[in-house]
Amino acid sequence: MRAHGFTLVEVVITMAVAAILLSIAVPSFRYVTNSNRIAGESNGLVGDLQFARAEAIKEGRTVTVCVSTDGNTCANAATWQSGWIVFSDPTNVGVHDPSETIFRMQKTFSSTDTYVASNNVSSITFNRDGYAVGIPNGTLITLHDASDTSAWTRCLSVNLSGEMTTIVAGITANGATCT
């Protein structure tokens, strides 16, 4: 009578093939997850800034996007990973008052990525013509992942005309270089 099952050689070969496939798949999966997370965080702020600019033009009044840790008040900090709010700002002071409408809110990042603005910019206000007011030209908001690898660094450049550009490390936009 013959026994059924796998020989030791068959098991070892199967495990070797599985190890090779995993050594190829795991780094690729890490790249995909990092890429998607960075893109989502970057696109979240770009989308809200574009929305704020469009609302300012449509409504004919200023709209502000500011760092907010609680989703209701502006924080005087340049750390955008803490979250932000988009609100109607007819008084044009860059601070959310209780009577002003909040259009959108972004919560704190769940990752350990940092999103820090140059020149200590904690808010960006768009006037009724769509221009960014009250910020230095060439303002960059730089997104770094936890490993601080330049391959994952993204910068959002905002100029005074309200134009927004996402760039990678080493590229210069509006006189500022993404690092």
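Within segment 6-64, how many residues are outside any helix (DSSP H, G or I), farther than 23 Å from residue 95 by Cβ and of a type in the set (D, E, K, R)?
Of the residues in segment 6-64, 0 are outside any helix (DSSP H, G or I), farther than 23 Å from residue 95 by Cβ and of a type in the set (D, E, K, R).
Out of (1) of a type in the set (Val, Ile, Thr); (2) within 25 Å of residue 57 (Cβ to Cβ); (3) surrounded by fewer than 20 Cβ atoms within 10 Å (Cβ to Cβ); (4) at pLDDT 90 or above, what's the single condition that is false for residue 95?
Unmet condition: (4).
Of all residues in segment 106-118 being touching a Gly at 6+ places or on another chain (Cβ under 9 Å) and under 16 Å from residue 46 (Cβ atoms), which is surrounded by the fewest Cβ atoms within 10 Å (Cβ to Cβ)? Explain how you work it out, then say what you get.
Just the residues of segment 106-118 that are touching a Gly at 6+ places or on another chain (Cβ under 9 Å), to begin with: 106-109, 118.
Now narrow it down to the ones that are under 16 Å from residue 46 (Cβ atoms): 106, 109.
Details: 106: 21, 109: 18.
Of everything passing the filter in segment 106-118, 109 is surrounded by the fewest Cβ atoms within 10 Å (Cβ to Cβ).
Taking segment 122-158 as the region of interest, how many residues are β-branched (Val, Ile, Thr), touching a residue at least 60 places away in the same chain (Cβ under 8 Å) and over 16 Å from residue 45 (Cα atoms)?
Residues flagged as β-branched (Val, Ile, Thr), touching a residue at least 60 places away in the same chain (Cβ under 8 Å) and over 16 Å from residue 45 (Cα atoms) within segment 122-158 amount to 1.
Quickly run through segment 151-175 and pick out the residues that are closer than 19 Å to residue 80 by Cα and among the small types (Gly, Ala, Ser).
Selection gives 157, 162, 169.
Would you point out the residue of segment 155-173, among those that are closer than 24 Å to residue 130 by Cα and of a type outside the set (A, V, I, L, M, F, W, C), that is surrounded by the fewest Cβ atoms within 10 Å (Cβ to Cβ)? Don't jump to the end; show me each part of the working.
Of segment 155-173, the ones closer than 24 Å to residue 130 by Cα are 155-167, 172-173.
From the residues that got through so far, the ones that are of a type outside the set (A, V, I, L, M, F, W, C) too are 157, 159, 161-163, 165-166, 172.
On the way: 157: 23, 159: 19, 161: 11, 162: 21, 163: 14, 165: 15, 166: 18, 172: 13.
The selected residue is 161.
Please verify whether segment 122-139 includes one or more residues that are of a type in the set (Phe, Trp, Tyr), out of contact with any Pro (no Cβ under 9 Å at 6 or more places or on another chain), surrounded by 20 or more Cβ atoms within 10 Å (Cβ to Cβ) and outside any loop (DSSP other than H, G, I, E, B).
Checked segment 122-139: at least one residue is of a type in the set (Phe, Trp, Tyr), out of contact with any Pro (no Cβ under 9 Å at 6 or more places or on another chain), surrounded by 20 or more Cβ atoms within 10 Å (Cβ to Cβ) and outside any loop (DSSP other than H, G, I, E, B).
Rundown of residues vs (1) assigned to a loop (DSSP other than H, G, I, E, B); (2) in contact (Cβ under 8 Å) with a residue 40 or more places away in the chain; (3) under 16 Å from residue 156 (Cβ atoms); (4) not hydroxyl-bearing (Ser, Thr, Tyr), yes/no style:
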{"residue": "69", "(1), (2), (3), (4)": "yes, no, no, no"}
{"residue": "76", "(1), (2), (3), (4)": "yes, yes, no, yes"}
{"residue": "85", "(1), (2), (3), (4)": "no, no, no, yes"}
{"residue": "98", "(1), (2), (3), (4)": "yes, no, no, yes"}
{"residue": "112", "(1), (2), (3), (4)": "yes, no, no, no"}
{"residue": "115", "(1), (2), (3), (4)": "no, yes, yes, no"}
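Looking only at residues that are crowded, with 19+ Cβ neighbours inside 10 Å, among the β-branched types (Val, Ile, Thr) and under 17 Å from the mean Cα position of the chain (by Cα) in segment 62-84, which one is nearest to residue 116 (Cα to Cα)?
Here the answer is 67.
The values are calculated or read from the model by the stated rules, or taken from the named source; none is laboratory data. Everything numeric here is computed off the predicted structure, so don't read it as measured data. In this analysis, Cβ positions are derived from the backbone assuming ideal geometry, glycine residues included, and neighbour counts consider all displayed protein chains.
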